[in-house]
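Undergrad: What follows is a structure written as structure tokens; I'll ask about it next.
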Amino acid sequence: MTQEVLDMGATRVVIPGNLPLGCVPSYMSAVNATDRAAYDARGCLVALNLFAALHNAWLRRAVGELRRAYRGAAVVAYADYSAAYAATLDGAAALGFDERRVFRACCGKGGGGAYGFDVRAMCGAPGTAACADPGRYVSWDGVHLTQRAYGVMAELLFRRGLVHPPPINFTNSARA
């Protein structure tokens, strides 16, 4: 798909990496591991994060190959979603998120176990509701981020150097 866009004349392409899947409520809920050894110090599932890291390593390599193949493009960049998401989790309190809810979905069945996610009662289904304070949550529905979390991620990606190479040179005066 990226090659097609570049072949059509795109000059700036940003390719996102995967989130650390072991930190995403829907995946954490699906695995529902009870062994503490399955989790890292952050509270995320190690095996899923290793899988996502392997995917991202291969993707970064592929982005490098695209960059070499399409030298006429101004930028073919890799966006490190994994690092941005990890920084969001690690800095949750300082960023205004509720540290106790970083792995909990804001919208859905509510009960949904430790992560507030139930695949049979996802956000928007009858009997589900959204939390009163979505800006304090990282996850909207166990799969997607809240608007506030997406904003934090965008800041980290584009203004804090987590897109390689930077697709645009942002000035500090345009900070959101």
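Undergrad: Please work out how much accessible surface Val143 shows to a 1.4 Å probe, ignoring ligands, DNA and RNA, in Å² rounded to 10.
TA: Here the accessible area works out near 60 Å².
Undergrad: Rounded to the nearest 10 degrees, what's the angle between the helix 147-159 long axis and the longest principal axis of the chain, both from Cα atoms, 0 to 90?
TA: Tilt of helix 147-159: around 30 degrees.
Undergrad: Once the Cβ-Cβ distance between Ala94 and Val119 is put in as r, and R0 is 30 Å, what FRET efficiency do you end up with, to the nearest 0.05?
TA: Working: r = 32 Å, r/R0 = 1.07.
So the FRET efficiency works out to roughly 0.40.
Undergrad: Here's another thing I want to ask about it. For Thr11 paired with Ala37, estimate the spin-label separation in nm (one decimal), with each label point 7 Å from Cα along the Cα-to-Cβ line.
TA: With each label placed 7 Å out from Cα toward Cβ, I get 5.6 nm.
Undergrad: Also: Enter the angle in degrees (range 0 to 90, nearest 10) between the Cα long axis of helix 46-69 and the first principal axis of the Cα atoms of the chain, meaning the one along which they spread out most.
TA: Long axis of 46-69 versus the principal axis of the chain: about 20 degrees.
Undergrad: Of the accessible area of the range 73-176, with the probe set at 1.4 angstrom, what percent is carbon plus sulfur?
TA: Working: 2950 of 5290 Å².
On the range 73-176, the fraction of accessible area on carbon and sulfur atoms equals 56 percent.
Undergrad: Starting from the Cα of Ala62, step 7 Å toward the Cβ, then list every residue of the range 1-37 with an amide N under 13 Å from that point.
TA: 1-4, 15-18
Undergrad: Compare the peptides 119-132, 85-98 by average per-residue count of other Cβ atoms within 10 angstrom and give them in order, highest first. It would help to have the intermediate numbers written out before the result.
TA: Working: 119-132: 12.7, 85-98: 16.8.
Highest-to-lowest ranking by the protection proxy: 85-98, 119-132.
Undergrad: Let me ask something else about it. Taking K and R as +1 and D and E as -1, what net charge do the other residues with C-beta under 13 Å from the C-beta of Val138 add up to?
TA: Here the count lands on +1.
Undergrad: Using a 1.4 angstrom probe on the protein heavy atoms only, line up Glu65, Glu99, Glu155 by accessible area, largest first. Before the final figure, lay out the partial values.
TA: Working: Glu65 105, Glu99 125, Glu155 35 Å².
In descending accessible area the options line up as Glu99, Glu65, Glu155.
The values are calculated or read from the model by the stated rules, or taken from the named source; none is laboratory data. Keep in mind the model is a prediction, meaning the values are calculated, not measured. Please note: Cβ atoms are built from the backbone with ideal geometry, for glycine as well, and neighbour counts cover all protein chains shown. With ligands, DNA and RNA removed, areas are computed over all heavy atoms of the protein, side chains included. Shrake-Rupley method; radii C 1.70, N 1.55, O 1.52, S 1.80 Å.
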